[in-house]
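In what follows, a structure is listed as structure tokens, so that the remarks can point back to it.
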Protein chains: 2
Amino acid sequence: MYRDRTCGELRLTDAGTEAKIAGWVQRTRKMGGMTFVDVRDRYGITQVVFDQERNPELWEAANNLGREFVVQIKGRVEERASKNAKNPTGDIEIFADELKVLNRSKVPPFTIEENTDGGDDLRMKYRYLDLRRPNVRRNLELRHKMAFEIRRYLDSEGFLEIETPILVKSTPEGARDFVVPSRMNPGEFYALPQSPQLFKQLLMVSGYDRYFQIAKCFRDEDLRADRQPEFTQIDCEMSFVEQEDVIRMFEGLVKHIFKYVKGIDFTEPFPRMTWKDAMEKYGSDKPDIRFGMPFVELTDIAKGKGFGVVDDADLTVGICAPGCASYTRKQLDELTNFVKRPQVGAKGLIWVKFEPDGSIKSSVGKFYTEDELRAWGERMDAKPGDLLLIMTGEAMKTRKQLCELRLEMGNRLGLRDKNVFAPLWVIDFPLFEWDEETQRFYAMHHPFTSPNPEDIPMLRTDTGNVRATAYDIVVNGTELGGGSIRIHDAELQDEMFELLGFTPERAHEQFGFLMNAFQYGAPPHGGLALGFDRFVSILAGLDTIRDVIAFPKNNSGRDVMNESPSPIDTAQLDELQLELKPLKADKDK
Amino acid sequence: MYRDRTCGELRLTDAGTEAKIAGWVQRTRKMGGMTFVDVRDRYGITQVVFDQERNPELWEAANNLGREFVVQIKGRVEERASKNAKNPTGDIEIFADELKVLNRSKVPPFTIEENTDGGDDLRMKYRYLDLRRPNVRRNLELRHKMAFEIRRYLDSEGFLEIETPILVKSTPEGARDFVVPSRMNPGEFYALPQSPQLFKQLLMVSGYDRYFQIAKCFRDEDLRADRQPEFTQIDCEMSFVEQEDVIRMFEGLVKHIFKYVKGIDFTEPFPRMTWKDAMEKYGSDKPDIRFGMPFVELTDIAKGKGFGVVDDADLTVGICAPGCASYTRKQLDELTNFVKRPQVGAKGLIWVKFEPDGSIKSSVGKFYTEDELRAWGERMDAKPGDLLLIMTGEAMKTRKQLCELRLEMGNRLGLRDKNVFAPLWVIDFPLFEWDEETQRFYAMHHPFTSPNPEDIPMLRTDTGNVRATAYDIVVNGTELGGGSIRIHDAELQDEMFELLGFTPERAHEQFGFLMNAFQYGAPPHGGLALGFDRFVSILAGLDTIRDVIAFPKNNSGRDVMNESPSPIDTAQLDELQLELKPLKADKDK
């Protein structure tokens, strides 16, 4: 062993003892005949003193240490004259008797500190150095602890973690699969799983009534800012359960994690909201309920007053921003410009100020009387000093736009504190989604999602309004995960496939082995999956999942550290009986 | 919830209570006006009684239940008249008041019992039914428990589980990679990792001094009986450690697993054996030390007596099989045929019987006097009644052949009890392996393995005898895993590459990003990896890893249940800019 103590553990009570530590040189300071070296490892930083008088040669050697050199130091722990209360080891220092350079280091391309001078690209290229930074380290420590606590909770509840394959069957439906050519089966391909969905349902057929897996999943999608081609899912399934059982079990899991990882004890049940309410009140199926400002509809009282935009609209709806009547013209213009950005896409914004003195100012004063505007204010519970922000247009579009504005106002008013956590179940999702382009219904979740038993009679008569037995868990406006009760009845499943436009042949081709399995006694079952990367990033208070992944890929799916993907040998392609196609195929050939 | 009790939990103390259970019909027996239905779930089997007198309709319904129907039953728990001591629930039965068929089942293609009538192929095709069998279920339960205990031990020792990528860079060296074409980077490929080796070494550079991961690994090899294209590894690495530290830590892990999973407490340190001793005493680098019969060399006293086979041989070596002097001619012929099988490949077998009456019989009686044979017996510590089995020839070949014979004798003598566990560290592996064909040295483990510091001066003068700081852990003659201390010194690494015939360019091309990382302060480090599938199979007392994997692939790398790999759409190939090559390429084109 190169050390007998870590760089994070020495305290005043250790003063007088001998210690051997090893780590990286964080920094050196030469002050007259004394040189101070901060040595860092995973556990902390310890100050080491080299005294020219005591040992001139050692002092000299210490003066030659560079940043990030790997050193081993032996010496005596002594109480510091000037203590550093910010560092847990700040009460002591080590007076060095021995110094061994275990390895040298080139000057790192950026500073290895909490706030680094390295840009994103540089940090990713040298990810192994970036990972030395204490904040990145804390993210991975958090990730480890969360994974461990997830397993501890689920194990204690009788769940079995069962590994399902990574080399699976390709299915053309859904997102794009990554495929893996099979050398032993030329011309054939495995796919990497987008989720273990089919396998976990098979496990239910097999009687493993409480299954989970912290599983790698893969999607070959064009990557948005916060997607990764491979990501990690907490995948769970239970048998002989109803929605209430699943919700209770995984609410327990989320509470366990908050309690044992963050020290936050949720004693009340998480609130629940129907999808319909979520859309109507927050314009989103994942509302951020850390703050209020719910939507209030004004359509009935705003229409028919001669303001064309409102008169032609399906919906006029607003939020009441408390205390914002003081907003300047510039601030209001900013908000108008915010909703007009292409990412939001609104045409404009109506505002009504309820001044503290009781007067009213509004962008639509020429269409509405003060009494009419006062009626708006009453409905929206506006107090003197509040500001109404109102949008109008096609219902769903307008709600989504107002959702963006509400979140923006939450940010501006400081209502979205990263240290406040507001979990929420969204339930009663629609079973189907209508697609205008192809003029047919698609499954909002997947074709195995069970309809709400009450709505089964409506399947053919009022398809669009059938509710699914599906639920999402949302934290702070981010979807943490979701799931559903699955169909275990073969007839109902056939009806679903028919409604979704699958011919029996196509259904069999894609889901045949699951359908076959279901003929041998499928139990009622359901489950859910939580995005593990997302879960960690929420608890870490981060906006992206990239910072909680040790070796993430960039937006082109590249690992810029090891330069993958990369070309492979022709010999390797030959073995796989594959050929690269020229970028532009010559069609006349 | 469809149940309030499982099928495994009801006891005599529950008699008189109401219970609701759900599960699969294991079997039904009609005895006069009573029908008995055994209902099975993951937790056990409970007997349910339907009484024609009490409820004729329900009794009728019970008589219509088929095997593997999914049922829900409500009733009263009652003490059984004739108890079944073999079943934990055998003291009670449920008198049914309600029966609900939750799902029907086709007749399964084989019996869902410990000993099934289903052949291997059929069981794999219907793996979801095979997984219902209690022995298969116990394997997966064992696997879950082991994974959990591994994590519990390593977490308590300060290890962090860190996920490394599945989409990695392809490296031409080593076993064949599975590759994954990148759509976003046309013409380029990811590889699936053969192990997280490079990433875990990077993590050491990053300062994560105790890393582990239960990781999926992939090798595109022609599959031998007990290989899988994807397998699971317990991958570990530590910094600032020497061999002794690594061995102590992971011996602790293995002991923890035996203790908390099998209830076996290893209080003594595991024995250690050098690779040289293992080869000389057992003819294997993974000796089964559940039993003795070590090799004893007779070369010096057997040579020069006019027996040409022995006179020409490098090595004459034997084992002493206790009490086997009674072996018949037929048994001895069997042993001779055993070593002559092509899998073993010996030319013949010499035997010497030390009869209980003091006389000696031998297959080589015409070349050796009784005194000479008695000298053999003395050296081999033969007692009256023992049998010497001796082989002769080229040293390494002969040892490997005798190893097979020793294991066979162990089997015949019942010395290889699956409930006895004999762990062993094999240390001091050679650093290099000489390859006759290419006339050069190869790394026995991998090119980052550190030489034994004592042997560094011999690197160029006695290359073949340089010992590595590498170690394997062996249980019952099976390699459970192994590892090494890695080179962290850039100069030594360069020397290794040179000795292994890598040009600096090629070394850079293959390991460049690791070499770059090493320039920024690599700490001394080392680790090991244990085969998780193997570890589970050893504790389950199984010969193959397939039975501890939920959804294994067959020897052609196929999943016969879901028929993968499979052809994919041309559209998908087009997107990847790939073309299938015709099976026979037309060379004249």
Placed amide H near B:Ser564: partners under 5 Å, 5+ positions off or other chain: B:Asp559
Inter-part distance where region B:365-400 and region A:210-269 are each reduced to a Cα centre, Å: 65 Å
Gap separating the Cα centres of region A:483-517 and region A:436-467, nearest whole Å: 14 Å
Residue-count net charge about B:Thr46 - beta-carbon cut-off 10 Å; Lys, Arg +1, Asp, Glu -1: -2
Furthest towards positive pole of dipole, B:Ile92, B:Ile112, B:Leu122, structure part region B:84-125, Cβ charges: B:Leu122
For A:553-565, mean number of other protein chain Cβ atoms within 10 Å: 6
Region A:469-589: radius of gyration and largest Cα-Cα distance (Dmax), Å: 22.3, 57
Bins of 5 Å, starting at 0 and running to the largest distance - Cα pair percent for region A:501-571: 3, 11, 11, 9, 10, 9, 10, 18, 14, 4, 0
Amide hydrogen neighbours beyond the local backbone of B:Asp97, cut-off 5 Å, H modeled: B:Lys74, B:Gly75, B:Arg76
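Please report the projected area of region B:291-412's Cα convex hull averaged over all directions, in nm².
6.7 nm²
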Relative contact order %, region B:291-412, counting alpha carbon pairs below 8 Å whose residues are six or more apart: 35 percent
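Using +1 on the beta carbon of Lys and Arg, -1 on that of Asp and Glu, and nothing else charged, what's the dipole of the protein assembly as shown about the Cα centre, debye to 20?
Using only the charged Cβ atoms, the result is roughly 800 debye.
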Overall Cα dimensions of region A:398-463 - principal axes, largest extent first, Å: 47, 28, 18
Region A:177-264 - Rg and Dmax from Cα coordinates, angstrom: 17.1, 54
Expected-Rg normalisation [2.2 N^0.38 Å, Cα atoms] applied to region B:12-103: 0.97
Label 7 Å beyond Cα on the Cβ vector: A:Asn87 copy-to-copy distances, nm: 6.8
Formal net charge of residues neighbouring A:Arg219 (Cβ-Cβ distance under 9 Å; K, R +1; D, E -1): -2
Under the Karplus curve 6.51 cos²θ - 1.76 cosθ + 1.60, θ = phi - 60°, whole-Hz ³J(HN,Hα) for region B:468-476, x wherever Gly or Pro sits: 8, 8, 10, 8, 10, 10, 10, 10, 6
Inter-copy separations for B:Pro269, label at 7 Å along Cα-Cβ, nm, ascending: 5.9
³J(HN,Hα), Karplus 6.51/-1.76/1.60, whole Hz, each residue of region A:362-373, x for Gly, Pro: 7, 6, 10, x, 7, 9, 10, 6, 4, 4, 5, 5
Most positive-pole-ward Cα, A:Ala215, B:Leu413, A:Met396, against dipole of the protein assembly as shown from beta carbon charges: B:Leu413
Copy-to-copy label separations for B:Gly66, where each label sits 7 Å from Cα toward Cβ, in nm and ascending: 7.6
Helical contribution to [θ] at 222 nm, DSSP H n ≥ 4, -39,500 (n - 2.57), averaged over chain A, rounded to 500: -8000 deg cm²/dmol
Spatially proximal lysines relative to B:Lys20 (Cα-Cα < 24 Å; intrachain offsets below 8 disregarded): B:Lys30, B:Lys74, B:Lys83, B:Lys86, B:Lys100
Averaged over A:521-532, number of beta-carbon atoms from partner chains that fall within 10 Å: 4
Ratio Rg/Rh, restricted to region B:423-525 and using Cα atoms, in which Rh is the Kirkwood radius: 0.99
Too-long pairs where the Cα-Cα distance tops 31 Å, listed order kept, from B:Lys276/B:Lys330; B:Lys145/B:Lys553; A:Lys553/B:Lys259; A:Lys553/B:Lys286: B:Lys276/B:Lys330; A:Lys553/B:Lys259; A:Lys553/B:Lys286
In sequence order, calculated HN-Hα J values of region B:482-497 (Karplus, 6.51, -1.76, 1.60; Hz; x Gly/Pro): x, x, 6, 7, 9, 6, 10, 9, 4, 5, 5, 5, 4, 4, 4, 4
Residue mean of other protein chain beta carbons inside 10 Å, B:204-213: 6
Normalised contact order of chain B, rounded percent, pairs of Cα under 8 Å and 6 or more residues apart: 12 percent
Kirkwood hydrodynamic radius of chain A, from inverse mean 1/r over distinct Cα pairs, in Å: 28.8 Å
Charge-dipole axis of the protein assembly as shown as Lys and Arg at +1 and Asp and Glu at -1 on Cβ define it, positive-most pick from A:Gly263, A:Gln194, A:Pro287: A:Gly263
Heavy atoms of B:Trp351: accessible area, 1.4 Å probe, square angstrom to 10: 20 Å²
Share of carbon and sulfur in the accessible heavy-atom surface of region A:423-525 [1.4 Å probe, %]: 49 percent
GluC sites (Glu not before Pro) within region B:370-462: DSSP coil, no more than 14 neighbouring Cβ in 10 Å: B:Glu394, B:Glu436, B:Glu437
Per-bin percent of Cα-Cα distances, the protein assembly as shown [10 Å]: 2, 8, 14, 18, 18, 16, 13, 7, 3, 1, 1, 0, 0
Region A:92-122: trypsin sites (Lys or Arg not before Pro) in DSSP coil with no more than 12 other Cβ atoms inside 10 Å: A:Lys106
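The values are calculated or read from the model by the stated rules, or taken from the named source; none is laboratory data. None of the values given here were measured: they were computed from a predicted structure. In this analysis, Cβ positions are derived from the backbone assuming ideal geometry, glycine residues included, and neighbour counts consider all displayed protein chains. Side chains included, ligands, DNA and RNA excluded: accessible areas come from the protein's heavy atoms. Shrake-Rupley method; radii C 1.70, N 1.55, O 1.52, S 1.80 Å.
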